1. If amide hydrogens are placed 1.01 Å from N in the peptide plane, which non-local residues have theirs closer than 5 Å to the one on Cys86?
2. Once phi is turned into ³J(HN,Hα) by the Karplus curve 6.51 cos²θ - 1.76 cosθ + 1.60 with θ = phi - 60°, what whole-Hz value does each residue of the stretch 257-270 show in order, with x for glycine and proline?
3. What does the extension gain come out to for Tyr147 and Ser191, with contour length at 0.36 nm per residue minus their alpha carbon separation?
4. Which order do Tyr278, Tyr250 take when ranked by solvent-accessible area (1.4 Å probe, heavy atoms of all protein chains), largest first?
5. List the residues of the stretch 270-284 whose backbone N lies under 14 Å from a point placed 7 Å from the Cα of Ala298 along the Cα-to-Cβ direction.
6. With θ taken as phi - 60° and the coefficients 6.51, -1.76 and 1.60, list the Karplus ³J(HN,Hα) couplings across the stretch 232-244 in order, rounded to whole Hz; mark glycine and proline as x.
7. With the crude spin-label approximation of a point 7 Å out along Cα→Cβ, what separation in nm comes out for Ser163 versus Val271?
Amino acid sequence: MKASSGKPEGGKRLGFLRRRRRAVAGAVGVAAIAGFILFVVPQLSALGPTLHSLRAADPKWLAFGIILEALSLCGYIALFRTVFSCHGVRIGWKASYQITMAGVVATKLFAAAGAGGVALTVWALRASGLSARSVARRLLSFEFFLYGVYAATLVVFGVGLRSGLFAGRAPWTLTIAPAVLGTAVIVVLLSMRALPNDFERRMKPLVGARRGRRLLARLASAPWAVHDALGITLSLIRERKPWLIGAIAYWAFDIATLWACFHAFGSPPTVAVIVMAYFVGALANALPLPGGLGGVEAGMVGAFLAFGTHTSLAILAVLSYRLISFWLPTVPGAAAYLQLRRTVGAWRHETRQREPATGRAVEELT
C-alpha cells in the first residue's frame, strides 16, 4: 500500500516539473545573465587605462567586424542545413536559422563545451522527425566538419609559421605543439573508419560479462557511432554539397572579425599569427563558463603576447572582438528561440496528424 501511494505523489511532482520547465529554464537564464552583469562586468574596470582606449577605436573597422561576424554565422547556418536535411526531413533555411541562433544563446547561458546548444538542437531535430540515432550521427558529422577545419588549420599554420613559410614569430609551444595535437586528432578519428562492420556485435559478450553493463555498452557503441558519422561526412563530401563551404566560412569570417578589431586600434599582427592565436585561445571554449567568457579572452591575449604582440593592442582587439562575437547573436538568438518553439509545435502537430492516418492505412491493408 505504501509503494502504491508513493507512486502517484512522484507522478504529481514530475508532472509539476514538466508543466513548469519553461518557467524554470527562464529563471535560470535570467539568473545567469544577472550573474554576468553583477560579477563579471565589474571586473573589467580593473583594466583601467587600457579599457579607456576602447573609446578611441575606429568605428568603421568595428562596423566591418560586425558584418564579418554576421557572415560567420551565415556559414554556420549553411553547414547546419546541409548536414541535417536527410531521411526525407527537409530542414530549410528558416528552421536552420532558428535552431542555430537559439543554440548560440543556449551555449552562452549553459556552457560546458556547448552542452546547452547541443541539448536545444537535439530537442528541435527530434521534433522535426529525425530519429535519435540519426540526430546523434549527424551531430557528430556536423562537428567533424567544423573541427576538421580547426585541426587542419592548426597543422597548416603551425608548421607554416615554424618553418618560416608564413611571416611571424613562431614559439614552439604555440606552433608545433598545436600542430601535433591537430594531427593526432585527425589520425585518431580517421582510424575509426577501419573498425570492422561487426565491431559492436563483437563487444557484446564482453559487455554482458561484467558489472556496469549499461556504461560499458555505451562505451562499446561510441567508436561505431564515430565510424557512422565519418561515413556520413565522407558521403556529403563525395556528393560535393556546395554549402559545406560553410565550415570554412564560419571560422574564416570569425577570425576576420578579430583581424578587423586589430585594425580598429592599430596595426595587426600577421594573418598567420592571428589565426594561430585565435585557435589556441578558442580552446578555452571547453571550460564550463558562459560562452567561454573570461577563459577565451585570457587564452587569446596570452597567445598574442607570446607571439610578440603589444599588450594594449592585444587586449583591446580581443575584448572588442569578444564583445561583437558574444553579444551580436544574443538578441536575434532570443527571438529565434521564440520562433523555434512555434516551429517545433507545428512539427509535432503534423506528426500527430500523420500517425492516425498511418494507423488507418495499416488497418486497411490487414
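The values are calculated or read from the model by the stated rules, or taken from the named source; none is laboratory data. Here the structure is a predicted model, which means the values were calculated and not measured. Virtual Cβ from ideal backbone geometry, glycine too; neighbours counted across all protein chains shown. Note: areas computed on protein heavy atoms with side chains; ligands, DNA, RNA excluded. Shrake-Rupley method; radii C 1.70, N 1.55, O 1.52, S 1.80 Å.
1. Ile91
2. So the Karplus estimates, Gly and Pro as x, are 4, 4, 4, 5, 5, 4, 4, 5, 10, x, 7, x, x, 5 Hz.
3. 14.2 nm
4. Tyr250, Tyr278
5. 281-284
6. Listing the rounded values in order: 4, 4, 5, 5, 5, 5, 5, 6, 6, 5, x, 7, 5 Hz.
7. Between Ser163 and Val271, the simple spin-label model gives 1.8 nm.
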